[in-house]
Amino acid sequence: MLSGGAIAIWAVIGGLGILFGVFAVAIALQAATFDVMRWLLALAIEAPLAGGIIALIRYSRVLTRTTAAGEAASSALANSEAKYRELIASAPDGIFVLDPQAKVLDVNEAGETLLGRERGDIVGHSFMEFVPTDRLASAHGYLDDRLRGFRATELYEATFSTAKGKRVHVQLRSQVVRPADADSYVVYIVRDVTDQREAQRQLLESERWASMGRLASFVAHEINTPLTNISLLTASIARRVSDAEVQERLKKIAAQGRIAASITAELLKFARPGAINPVETNLTDLVREAVEQAEAFRKPGVEVRTELGSEPVVCTVDPLRIHEVLVNLLKNAFEATANGRIRVRLEDRGPSVAVSVSDTGTGIRPEVQQRLFEAFYTTKKKGEGTGLGLAISRNFVASHGGDITVTSEVGKGSTFTVFLPKQPVSVTTPA
């Protein structure tokens, strides 16, 4: 296809050709006889004109070849850019292009998915908008270091916030690009490692629980023997003396021995929760029985409200274990609530069920929530708890393939939710 320049050249050549022809005809008409001088004059006039036409024809051919080569190069560049675009768009990791002020210039589809946002909600915005407040200083520091040429090989661990407020843990690599004819920009390649981090956390937690279980088992066995001896000796002395003061002290010793025995029993239960014995159970009745048993811990100013539904919810569980879990959660709720309301709710969610125990008590601070299910961790006064109740409950629920979660707000109350599959699953005991 001819370019605009080539068309103009050919138009000039055509015009000159016509002019050349006109000159030739005119000279021929005037030449009645052969006149050497006239022909020489004609050649002198028309030779440069012919030379110009020939030069223009050659230049036109060169221009055509150059234009074709340029069009081929442009086509190759366009194809290369298209391949680059396709490669970036199909990359499994999120790719973000930032200017030195952290403004997002471009993002691929994986980056949109990672942040849970549309392209229009990312491009043109500051990258720091997607970083949690507590990680902003670190994110700014990393970008500044990269622009100054530092931390080039570092695998940077970062945290983003999705559109729904969920935190996403990522590993990030970056490259600073400094074009000769444009401003510098930074390319972030971001990989979501949230699931990987969670799997590592669960593995470490499982190993920690196993170690604690072995320690608890050893301690319980070692303490049980002297406790048994103390109990037997106390009973023997009580039968042989009649002094009222001695009898009273022996009763206190026996009471303390029973407390110690209950602690060792809890330790053994934590260390070896044992296999579950799942049977088809009406969870509605089981929850109702747990509420009735925990009634002994209710304070006068506390109201209990149950939302169990009108239809039975049948679930294959170990009723003794789940009953113990629910009583423990209810007991904790009653202890946390001096005045207010306890709500127990049972939800049928198709293949699973959820039992939640909510209170309007004091609530739980975030730093305490993180440690609630740790063995031997308690916020109760000395002698009022072993710190094993929630840890054992978690073990029992995990043995069913379920989970326990907690949400809480200081001054407003807490909600513990037990999630259980309706059918039994093969699960290894956590400790």
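None of the figures in this text is laboratory data; all of them are computed from the coordinates on show. All of these numbers come straight from a predicted model, not from anything done at the bench. Cβ: placed from backbone, ideal geometry, glycine included. Neighbour counts: every protein chain shown.
What full-extension length gain, to one decimal in nm, is calculated for Arg341 and Ala354 as 0.36 nm per residue of separation minus the Cα-Cα distance? Before the final figure, lay out each step's value.
Values: separation 13, 0.36 × 13 = 4.68 nm, distance 1.96 nm.
Length gained between Arg341 and Ala354: 2.7 nm.
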Inset, instruction - Using only Cα atoms, figure out Rg for the stretch 113-165 and give it as a multiple of 2.2 N^0.38 Å. - result: 1.23
Legend entry - Convex hull volume of the stretch 279-421 per residue (C-alpha atoms, cubic angstrom): 106 Å³
Inset, instruction - Could you give the spread of the C-alpha atoms of the stretch 213-271 along their three principal axes, from largest to smallest, in whole angstroms? - result: 44, 14, 11
Legend entry - Pairwise label distance in nanometres, Lys164 with Asp106, each label 7 Å out on the Cα-Cβ vector: 3.0 nm
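Pull out the extension gain between Lys299 and Gln202, defined as 0.36 nm times the separation in residues minus the alpha carbon to alpha carbon distance; nm, one decimal.
Numbers: separation 97, 0.36 × 97 = 34.92 nm, distance 3.75 nm.
Contour length minus the Cα-Cα distance gives 31.2 nm.
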